Amino acid sequence: MAAEKSSIKIITLIAADGSVFEVEPNIVKEMKTVQSYIDELDQNTVSIPLPNVFGNDLAMIIEYCKKHASEEETKEAKEEFDFEFVKRMKSDDKLRLLQAASYLNMESFLQFMAKAIAAEIENQSVEFVRDYFQIESDFTPEEEAELRKENEWAFK
Amino acid sequence: MYGYDMADSNEESMILEKMKRGRHSENENEENEEGEDRLSDLPDCIILHILSFLNTKHAVRTCVLSTKWKHLWKRIPTLKLQSLIFSPRKHFSLFVSKILTLRDSSTALHALDLDLYCHGGIEPQLLKKILNYVCSHNNHLQELGIRVSGDSNLIMNCVSSCRALTSLKLSIRSGGSFNFENLLFPKSLNLPALTNLDLTRFTFCGGENSLVEPFSAFIKLRSLVISGCNVRDAQTLRISSETLVNLTMLDDSTGVDKMELCAPSLCTFTYSGMPTEKICGSGLSSVKQVYIDARIYTTCEKPPMTLLSWLLDLANVKSLTVTSTTLQTLSLVPDLLEVKLLSLCNLKSMEIKLKLPEVQPGFLYILKEAMLEKAAAKSRKEAAKLRREFKAGLQPHPVPDGMVDFLLQNSPSAKVDITTVYNMSVC
């Protein structure tokens, strides 16, 4: 497999808004959706459209991949990067990136985003979580009260 | 060359079609059509992913968010049960019973995190109930963490039945809160898929040749943490692994003279405790990142000399982190600054962690005694002078003179950071 890939020098990713990113093959290794198409093709350069990911998000994902693919960086430096990476994101960004990660089939990045989102809703009230994710409840107040009663062992 | 026009070729428009669908095409029918919620329009499997990081108590509470969420928690592949967040304790028993009966039994259990440390231990019946559930759902169980005071036989039997485990973290206190004896680590534990092992307060018992090799059955081990563990009936602890990348020894009290380390892939080494074990075998030569928090509990030459021998072994280290007590311990080596290091040649960065409150009084006392002894070896006058200075309030310096230059003698351009830590925990 390694021999096949070595012929590809550069990969062009085209985001939903048309923005273009040229990356080295090791950057997309983590993106299994992309990687599986590269493996099927037999070319020196590949252009891959990603109609479900916007340019801004793709730029962040690539930044993350570059940092984590680097062998120069220490574990501590990568952890610090992750910390800052999450810190500068709003909850909207996290959810969009989570979806992108799911679409690109990036296991560890998906894990990373899911964990970051979980950290935000951990120990929060139901109302907070509903608000936070803009979930519209389809329960009547009575139905909700009933559910709470039914599961009161989790609300103590 | 990179110009892209999708009308150009059929193949490319085919790729576009494929890429549009992505990996979740198979779930398309399941997704709700409204898609107006930020989170709810994610496929169930992604939501379950997020929920799997939550404490199970909070995960269950999402059942009242909306209809879509009502039964979702039953399909979470992980359980995180912490008795501490329940008060009184009987609430926890009820919670566990409910979870174990209501959880969708066809959903594989991938991870279980059990934190049952509490005053007076856990009810034996409750522990039994949980362990029985684990044993009957152990086919896909990959991650298991147990922190509990309870029947250790029951727990270890359960652990050994989980053959798919990749990660195991154990801290067991058997026989009530006042039993401080370590638990014997079973020799028969065979978990072929295990990559991460984290053991707190276990005893490794030696064999006939005064050598103990507790981890040889874990052929895929990548990360090993042993915390407050000791060795019985052996002088040598052998860790031999082709795959081991991270080794952590905390509150080291193995008590062995020698550690045979044959781990050619070892990359990080983290240590806290009093170094007494000489490291041989391939040793620390492959290690790139090192953290050492050494201290001494008795006045003797061995720990400082052992520490020095470790440093001499660090041929390829790039990042070295040491605490102030490590440097103070090292400074007790006679004529240290004259030692010519052949190691530490590729150091990129060194971090010194100053611990506050500075050091424990016991350590300070030992340090002063050792310094006095060293001074006395030179002349009686010098010792008397030092004694007077200590009386007047002189404290041993957290970074002894010449220490930074000594460590950087072969890597003068390495970056040096000095940071302050306010507790004693690692990193």
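Numbers for the structure displayed
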read-out: Percent antiparallel among DSSP beta bridges (both partners in chain B, rounded to 5); value: 0 percent
read-out: Region B:195-327: relative contact order in percent, alpha carbon pairs under 8 Å with at least 6 residues between; value: 18 percent
read-out: Which of A:G18, B:I239, B:F390, positive extreme of dipole for the protein assembly as shown (C-beta unit charges); value: B:F390
read-out: Bridge type composition, the protein assembly as shown - antiparallel percent by DSSP, nearest 5; value: 5 percent
read-out: Charge dipole (debye, nearest 20) of chain B; +1 at Cβ of Lys and Arg, -1 at Cβ of Asp and Glu; value: 1660 debye
read-out: Dipole magnitude (debye, nearest 20) for region B:288-427, charges at Cβ of Lys, Arg, Asp, Glu; value: 220 debye
read-out: Threshold 10 Å², region B:277-294 residues less accessible with all protein chains present than alone (1.4 Å probe); value: B:Q289
read-out: Dipole of region A:45-135 [Lys/Arg +1, Asp/Glu -1 at C-beta], most positive-end residue of A:L98, A:I121, A:V86; value: A:L98
read-out: In degrees, nearest ten, helix A:91-104 long axis to first principal axis of chain A (Cα); value: 50 degrees
read-out: Cα long-axis angle, helix B:89-102 against chain B (0 to 90 degrees, to the nearest 10); value: 50 degrees
read-out: Residue of A:Q35, A:Q134, A:Q99 that the Gaussian network model of chain A assigns the largest fluctuation, springs spanning Cα pairs under 10 Å; value: A:Q134
read-out: Overall Cα dimensions of chain B, principal axis frame, Å, largest first; value: 88, 69, 47
read-out: Percent of C-alpha pairs per 20 Å bin, the protein assembly as shown, short to long; value: 17, 42, 33, 7, 0
read-out: Accessible surface buried upon A-B contact (total; probe 1.4 Å; Å², nearest 100); value: 4900 Å²
read-out: Modelled FRET efficiency - R0 22 Å, B:N346 with B:D405, Cβ distances, 0.05 increments; value: 0.80
read-out: Average Cα contact separation per residue, region B:255-347, under 8 Å, 6 or more apart, as relative contact order %; value: 27 percent
read-out: ³J(HN,Hα), Karplus 6.51/-1.76/1.60, whole Hz, each residue of region B:221-230, x for Gly, Pro; value: 4, 10, 9, 10, 10, 10, 10, x, 8, 10
read-out: Chain A - percent relative contact order, Cα under 8 Å, separation 6 or more; value: 20 percent
read-out: Region A:137-152 versus region B:166-241: alpha-carbon centroid distance in Å; value: 48 Å
read-out: Unit Cα scatterers, Debye sum, region A:5-121: log10 I(q)/I(0) for q = 0.13, 0.15, 0.23 Å⁻¹; value: -0.50, -0.66, -1.40
read-out: Rounded to 5, the percent of DSSP beta bridges in region A:5-121 classed as antiparallel; value: 40 percent
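The values are calculated or read from the model by the stated rules, or taken from the named source; none is laboratory data. Computed from a predicted structure; not experimentally measured. Positions of Cβ are backbone-derived with ideal geometry, glycine not excepted, and every protein chain shown enters the neighbour counts. Surface areas here come from the heavy atoms of the whole protein model, side chains and all, with no ligands, DNA or RNA. Shrake-Rupley method; radii C 1.70, N 1.55, O 1.52, S 1.80 Å.
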